[in-house]
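Since the structure comes first, as structure tokens, the remarks are kept for the end.
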Amino acid sequence: MNATPPHITAAPTDTATVETSATGKTACVIGSGFGGLALAIRLQSAGVATTVIESRDKPGGRAYVFEREGFTFDAGPTVITDPDCLRELWALSGHDMAADVDLMKVMPFYRLTWPDGTQFDYSNDEDQLFDEIARINPADVAGYQRFLKYSAEVYEEGYVKLGHVPFLDFKSMLKAAPALARKQAWRSVYSMVSHFIEDEKLREAFSFHTLLVGGSPMKTSAIYALIHKLEKDGGVWWARGGTNQLIAGMVRHFERIGGTVRLDDPVIQVHTLGTVATEVETKSGFRQRFDAVASNADIMHSYKDLLSGSGRGASYAKTLARKKFSPSLFVVHFGLEGTFPHIPHHMILFGPRYKGLVDDIYKHGVLPADFSVYLHHPSVTDPSVAPEGKSTFYALVPVAHAGKLAVDWEETGPLLEKRVLDEVGRRLDIPDIHERIVTKFHYSPRDFSQDLNAHLGSAFSLEPLLTQSAWFRGHNRDDVIGNFYLVGAGTHPGAGIPGVVGSAKATAGLMIEDLVGATHA
């Protein structure tokens, strides 16, 4: 161990440390996103002395936070679902998440609007939701009820039974295949929604969720219809102070039970000897041996760069390069003078096209003249994220990744930023939106690439296709390097907070069994 970077929190020497260090085993988790921190908490709770190493100056990975002129801007994600999967992380050591994180209900979950002025409030208030559906197309109330039943069935198969189970060999995939086939997993979410629902606007309303995890509604497996059931049962939540306050609470808890976090110190190499990961080396010169190493970094970066000294790294990086990666995002963060109580926390401003726009992003790799916008307005729920009398927003537009869309974001970014703000101002009747701006900045695919080492600037790692799911995704434990593991969006089950926290549960089960035996897993 050589030079020490300035941002290190050492494990406290208290009874929790003694208890959680009982196994004598050590692990390193590279990256402090939701998946990495969830894995680290599970390992530390099981008695494995765990160190998290983060390249950036703050924890969170994609859940980074920017603070500008008194405004708090979450980099994302902003939709918290299945809070029980998070509470479980504290309960493992007999603690309560509420001591570290204040979750606030968000209602409606989303307000959806279309260019013709149609508006649809989506939530889990069943009577209100039936009324909203009937207002657009009365015949679709019965179709929605059938869709809800289907969503519950795929939730049981895809999330409850398989969401936390590692797929390490093809045999495990074959075992799951009959159940998935019975649920017509080969069909797309949009196709399955259309099977139950007639109205095009309602088809969009119940299929757009895949875009929030990087998948095209027209290509992502119908299994992802489970998201609807997940939201209906668990609700949609916000962490007071911002999503990054949930990250801060996870770090606080991890340190409380004896974990160590190193910030602002990028890992440059995972050293191997034969088929064993031996040491982790960082830019500062820190170099330490661990019994196991897990990467929450981008999957291509993990193999191509961090394992560049091993044959396995180069070999699997070539395999990954042939896979399909999710699109990127263009996000405009802005703080406005004034408050807007009539604008809900989450909105989807659908554009004039749906399938055509999705095809432009996923297939054609063009920057279209029209777009749909996800608008995030957290200060309407939580005024603490903006100065008094002001409002915090971000407007997100999916765009093709750099492998399909090669543009100069230095030049294109400001132009697209203005177009997005113009559209928000027009659709939400804020004609003086530009005059009201106190602060603004945008985040482009180039930033995903530079800040997060995201392959092609992808915002969600591998595209969630059926042929890139479960065993076909990055494995939770590497096939060759037996003590190298993956956690996060690039491994099973995929992106989104419940997905990456689920990956942590699957990966932790493997690591704990490998390190300390099945009785402790």
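Exactly one residue out of Phe120, Phe109, Phe130 is of a type in the set (Phe, Trp, Tyr), open to solvent by less than 70 Å² (accessible area, probe 1.4 Å) and under 20 Å from Thr243 (Cβ atoms), and it is Phe109. Of the residues making up segment 347-355, none is among the hydroxyl-bearing types (Ser, Thr, Tyr), open to solvent by 10 Å² or more (accessible area, probe 1.4 Å) and over 30 Å from Leu375 (Cβ atoms). Report, by residue number, each residue of segment 191-215 that is closer than 23 Å to Ala470 by Cα, open to solvent by 10 Å² or more (accessible area, probe 1.4 Å) and either touching a strand residue (DSSP E or B) at 6+ places or on another chain (Cβ under 7 Å) or touching a residue at least 60 places away in the same chain (Cβ under 8 Å) (or both). Of everything in segment 191-215, those that are closer than 23 Å to Ala470 by Cα, open to solvent by 10 Å² or more (accessible area, probe 1.4 Å) and either touching a strand residue (DSSP E or B) at 6+ places or on another chain (Cβ under 7 Å) or touching a residue at least 60 places away in the same chain (Cβ under 8 Å) (or both) turn out to be Leu211, Leu212, Val213.
Restricting the search to segment 346-362, which residues are touching a strand residue (DSSP E or B) at 6+ places or on another chain (Cβ under 7 Å) and not aromatic (Phe, Trp, Tyr)?
Those that are touching a strand residue (DSSP E or B) at 6+ places or on another chain (Cβ under 7 Å) and not aromatic (Phe, Trp, Tyr): His346, Met347, Ile348, Leu349, Ile361.
Being at pLDDT 95 or above, assigned to a loop (DSSP other than H, G, I, E, B) and under 20 Å from the mean Cα position of the chain (by Cα) is a condition met by no residue of segment 419-434.
Scanning segment 452-496 for residues that are part of a helix (DSSP H, G or I), at negative phi and surrounded by fewer than 24 Cβ atoms within 10 Å (Cβ to Cβ) turns up Leu452, Leu466, Thr467, Gln468, Trp471, Phe472.
Considering (1) buried (at least 18 other Cβ atoms within 10 Å of the Cβ); (2) touching a residue at least 60 places away in the same chain (Cβ under 8 Å); (3) more than 14 Å from Ala38 (Cβ to Cβ), the lone condition that Ser449 does not fulfil carries the number (2). A residue that is modelled with pLDDT of 95 or more, surrounded by 24 or more Cβ atoms within 10 Å (Cβ to Cβ) and part of a loop (DSSP other than H, G, I, E, B) cannot be found anywhere in segment 497-509. The requirement of being modelled with pLDDT of 70 or more, more than 24 Å from the chain's Cα centre (by Cα), within 27 Å of Ala205 (Cβ to Cβ) and surrounded by 16 or more Cβ atoms within 10 Å (Cβ to Cβ) is satisfied by Tyr150.
One residue stands out in segment 19-41 among those that are out of contact with any strand residue (DSSP E or B) (no Cβ under 9 Å at 6 or more places or on another chain) and under 18 Å from Ala91 (Cβ atoms): the one that is most open to solvent (accessible area, probe 1.4 Å), namely Glu19. Taking each residue of segment 265-294 that is farther than 12 Å from Asp305 by Cα and looking for partners that are of a type in the set (Lys, Arg) and open to solvent by less than 40 Å² (accessible area, probe 1.4 Å) with beta-carbon atoms closer than 8 Å, six or more apart or interchain, yields Thr282/Arg262; Phe286/Arg262. Within segment 378-409, the set of residues being part of a helix (DSSP H, G or I) and open to solvent by less than 10 Å² (accessible area, probe 1.4 Å) comprises Pro378, Val385.
If we scan segment 78-96, do we find a residue that is within 17 Å of Asn244 (Cα to Cα), of a type outside the set (Asp, Glu), without any contact (Cβ under 8 Å) to a residue 24 or more places away in the chain and in a helix (DSSP H, G or I)? Checked against the condition, which is being within 17 Å of Asn244 (Cα to Cα), of a type outside the set (Asp, Glu), without any contact (Cβ under 8 Å) to a residue 24 or more places away in the chain and in a helix (DSSP H, G or I), segment 78-96 yields at least one hit.
Take segment 284-319 and flag every residue that is part of a helix (DSSP H, G or I) and surrounded by fewer than 20 Cβ atoms within 10 Å (Cβ to Cβ). Lys304, Asp305, Gly311, Arg312, Ala314, Ser315, Ala317, Lys318, Thr319, listed by residue number.
Being open to solvent by 10 Å² or more (accessible area, probe 1.4 Å) and in a strand (DSSP E or B) is a property that Leu329 has.
The values are calculated or read from the model by the stated rules, or taken from the named source; none is laboratory data. Fair warning: this is a prediction, and the values are worked out from it, not measured in the lab. Reconstructed Cβ throughout: ideal geometry from the backbone, glycine too, with neighbour counts over all protein chains shown. Protein only, heavy atoms only, side chains kept; ligands, DNA and RNA dropped before computing areas. Shrake-Rupley method; radii C 1.70, N 1.55, O 1.52, S 1.80 Å.
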